[in-house]
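Encoded as structure tokens, the structure appears first; notes follow it.
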Amino acid sequence: MSEYQDHPDQNAAGTEARKAEHIRICLEEQVGSSIGGAGFDKYRFEHEALPELDWKEVDTSASWFGRRLKAPLLVSSMTGGTDEAGRINRYLAEAAQQRGWAIGLGSMRAAWEKPELADSFQIRREAPDVPIIANVGAVQLNYGLDADACRRLVEMAEADALVLHLNALQEVFQPEGDTNFRHLLRLIEEVCRRSGVPVGVKEVGWGISPATAARLADAGAAFIDCAGAGGTSWSQVEKYRARSPLHAAAAEAFADWGIPTAQCVQSIRLQLPHMTLVASGGLNTGVDAAKAIALGADLAGFGRVLLPQASAGRDSAKAVAMQMERIEFELRTAMFASGAGTLRELAAGDKLKPARL
């Protein structure tokens with residue numbers, strides 16, 4: 001029997017403390033992948049000197065889960081489960097509403113274990129019009145979570161969709177890790193069938209291969225967030241929480257582990273031409289977002305790059321919104337300077353070329 005099943009209150013308290021540690025570590029420590037970037041530097045847009053476009057009329061609008069977006073951009077799942085995390089989520093939600101971005105919540109495991117923590121995930125008041133994606137670890141399906149519990153988490157967050165995250169490598173390095181990933185595909189399929197909302201699957205920073213993406217699609221996944229390597233490395237995050245020198249040292253061997261985001265996007269799109277695909281993991285600019293869409297993504301997700309502004313205090317929502325505006329400006333300008341007036345034209349892929357390294 002798992003520790004959660006034996007001592008739920010103790011485990012819930014541990015989850016709260018872990019989430020607080022994760023925020024601190026991501027803000028203060030060097031936790032980026034050493035893989036050398038998300039792979040977007042391997043591509044360059046062919047500059048169009050005569051775009052025959054009005055920059056102001058370049059159309060970045062998109063839609064997801066029946067809600068309109070001003071741009072195909074997503075605040076990637078980051079945090080929740082503590083008072084500080086709740087404040088961060090509300091600041092992110094205010095900015096997402098202002099700028100018209102979708103927003104993903106951090107893992108809601110804490111609220112599953114301790115419902116009084118639900119408040120840190122309840123952001124619909126701050127973001128009434130944009131898509132909200134609830135989130136919980138797929139591995140928890142082997143530790144007591146089921147489709148009914150997933151439905152309750154979606155209702156708790158007033159979310160438009162649910163994403164199940166895959167974080168096998170993180171769980172190995174996490175002192176409290178749940179490492180039984182057996183038979184999860186069958187359980188994911190059950191959640192997809194019974195949850196009543198679109199259910200997607202995401203990684204947390206090591207990427208999803210095209211073969212695994214195909215298995216998830218066959219299981220009923222409505223979307224895939226590849227969350228590739230090149231951004232935050234959660235084995236590096238857990239290195240700073242390690243309780244033994246062995247785990248801290250071993251984490252270094254995995255600092256460059258994973259499939260770069262750009263490679264994930266391109267290979268999954270080739271395998272699954274009609275799957276809704278989110279590119280996240282190591283995106284920092286609107287040019288990165290433009291490249292991701294040109295490679296085949298439907299949405300581009302930004303995570304830790306927004307965290308410093310979101311945790312800055314009273315003016316955090318304004319600071320996050322300003323950074324979002326910068327990313328949107330870069331996306332629109334990349335489209336304009338490559339001659340793409342719409343996202344459909346950008347996604348045609350003929351404007352992005354392999355870089356000559």
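The values are calculated or read from the model by the stated rules, or taken from the named source; none is laboratory data. Keep in mind that this is a model prediction, so the values were computed, not measured. Heads up, the Cβs are rebuilt from the backbone with ideal geometry, glycines too, and the neighbour counts pull from every protein chain shown.
Going by the structure shown, is residue 27 within 23 Å of residue 292 (Cβ to Cβ) and either exposed (fewer than 14 other Cβ atoms within 10 Å of the Cβ) or modelled with pLDDT of 95 or more (or both)?
Numbers: within 23 Å of residue 292 (Cβ to Cβ): no; either exposed (fewer than 14 other Cβ atoms within 10 Å of the Cβ) or modelled with pLDDT of 95 or more (or both): yes.
When the stated conditions are applied, residue 27 does not pass them.
Could you list, in sequence order, the residues of the stretch 72-83 that are surrounded by fewer than 24 Cβ atoms within 10 Å (Cβ to Cβ) and either modelled with pLDDT of 95 or more or under 17 Å from residue 135 (Cβ atoms) (or both)? I'd like the intermediate steps shown before the answer.
Within the stretch 72-83, the first condition is being surrounded by fewer than 24 Cβ atoms within 10 Å (Cβ to Cβ), and the residues that meet it are 82-83.
Residue satisfying the conditions is 82 alone.
So how many residues does the stretch 56-98 have that are within 27 Å of residue 109 (Cβ to Cβ) and not basic (Lys, Arg)? Before you say what the answer is, go through the steps one by one.
First, pick out the residues of the stretch 56-98 that are within 27 Å of residue 109 (Cβ to Cβ): 64-65, 67, 73-97.
Filter again for not basic (Lys, Arg), leaving 64-65, 73-86, 88-89, 91-97.
Count: 25.
Please verify whether residue 229 is over 22 Å from residue 273 (Cβ atoms), modelled with pLDDT of 95 or more and in contact with a Pro (Cβ under 6 Å, 6 or more places away or on another chain), treating the condition exactly as stated. It would help to see each step written out before you state the result.
On the way: over 22 Å from residue 273 (Cβ atoms): yes; modelled with pLDDT of 95 or more: yes; in contact with a Pro (Cβ under 6 Å, 6 or more places away or on another chain): yes.
It is true that residue 229 is over 22 Å from residue 273 (Cβ atoms), modelled with pLDDT of 95 or more and in contact with a Pro (Cβ under 6 Å, 6 or more places away or on another chain).
Could you identify the single residue in 255, 319 that is modelled with pLDDT of 95 or more and closer than 30 Å to residue 57 by Cα? If you could, list the steps in order and put the result at the bottom.
Values: 255 fails: closer than 30 Å to residue 57 by Cα.
Being modelled with pLDDT of 95 or more and closer than 30 Å to residue 57 by Cα holds for just one of 255, 319, which is 319.
For the stretch 233-278, give me each residue that is of a type in the set (A, V, I, L, M), in a helix (DSSP H, G or I), closer than 23 Å to residue 21 by Cα and in contact (Cβ under 8 Å) with a residue 24 or more places away in the chain. Reasoning before the result, please.
We begin by selecting, within the stretch 233-278, every residue of a type in the set (A, V, I, L, M); these are 237, 242, 246, 248-251, 253, 255, 259, 262, 265, 268, 270, 272, 275, 277-278.
With in a helix (DSSP H, G or I) added as a condition, the list becomes 237, 246, 248-251, 262, 265, 268, 270.
Filter again for closer than 23 Å to residue 21 by Cα, leaving 237, 246, 248-251.
The answer is 237, 250, 251.
Kindly indicate whether residue 197 is outside any loop (DSSP other than H, G, I, E, B) and β-branched (Val, Ile, Thr). I'd like the intermediate steps shown before the answer.
Details: outside any loop (DSSP other than H, G, I, E, B): no; β-branched (Val, Ile, Thr): yes.
No: the conditions fail for residue 197.
Name the one entry in 195, 120 that is modelled with pLDDT under 95, touching a helix residue (DSSP H, G or I) at 6+ places or on another chain (Cβ under 8 Å) and surrounded by 19 or more Cβ atoms within 10 Å (Cβ to Cβ).
Values: 120 fails: modelled with pLDDT under 95.
Sole residue among the options that is modelled with pLDDT under 95, touching a helix residue (DSSP H, G or I) at 6+ places or on another chain (Cβ under 8 Å) and surrounded by 19 or more Cβ atoms within 10 Å (Cβ to Cβ): 195.
Take the stretch 324-357 and flag every residue that is surrounded by fewer than 17 Cβ atoms within 10 Å (Cβ to Cβ) and under 25 Å from residue 85 (Cα atoms).
Selection gives 325, 326.
Looking at residue 305 and the list (1) crowded, with 22+ Cβ neighbours inside 10 Å; (2) out of contact with any strand residue (DSSP E or B) (no Cβ under 7 Å at 6 or more places or on another chain), which single condition is not satisfied?
(1)
Looking at 326, 314 in this structure, which one is modelled with pLDDT under 95 and over 30 Å from residue 177 (Cβ atoms)?
Numbers: 326 fails: modelled with pLDDT under 95.
Answer to the selection: 314.
Would it be correct to say that residue 101 is surrounded by 22 or more Cβ atoms within 10 Å (Cβ to Cβ), closer than 21 Å to residue 138 by Cβ and among the aromatic types (Phe, Trp, Tyr)?
Numbers: surrounded by 22 or more Cβ atoms within 10 Å (Cβ to Cβ): yes; closer than 21 Å to residue 138 by Cβ: no; among the aromatic types (Phe, Trp, Tyr): yes.
So residue 101 fails the test.
Could you say which residue among 186, 182 is free of Cβ contacts under 8 Å to residues at least 40 places away in the same chain and over 20 Å from the mean Cα position of the chain (by Cα)?
On the way: 182 fails: free of Cβ contacts under 8 Å to residues at least 40 places away in the same chain.
Only one candidate passes the filter, namely 186.
Looking only at the stretch 158-187, which residues are outside any loop (DSSP other than H, G, I, E, B) and touching a strand residue (DSSP E or B) at 6+ places or on another chain (Cβ under 6 Å)?
Within the stretch 158-187, the subset outside any loop (DSSP other than H, G, I, E, B) is 161-166, 168-173, 184-187.
Hits for the stretch 158-187 are 161, 162, 163, 164, 165, 166.
For the structure I just gave you, tell me whether residue 197 is in contact with a Lys or Arg (Cβ under 9 Å, 6 or more places away or on another chain) and among the aliphatic types (A, V, I, L, M).
Details: in contact with a Lys or Arg (Cβ under 9 Å, 6 or more places away or on another chain): yes; among the aliphatic types (A, V, I, L, M): yes.
Answer is yes for this residue.
Given the conditions (1) touching a Cys at 6+ places or on another chain (Cβ under 9 Å); (2) assigned to a helix (DSSP H, G or I), which single one is not true for residue 281?
It fails just one condition, (2).
Please give the helices (runs of 4 or more DSSP H) falling wholly within the stretch 58-157 in which 3 or more residues are small (Gly, Ala, Ser) and under 30 Å from residue 333 (Cα atoms). Walk me through how you get there before you give the answer.
Working: elements: 83-99, 109-113, 147-157.
Those helices (runs of 4 or more DSSP H) span 83-99.
Quick check on residue 350: is it assigned to a loop (DSSP other than H, G, I, E, B) and closer than 25 Å to residue 59 by Cα?
Details: assigned to a loop (DSSP other than H, G, I, E, B): yes; closer than 25 Å to residue 59 by Cα: yes.
So residue 350 fits the description; yes.
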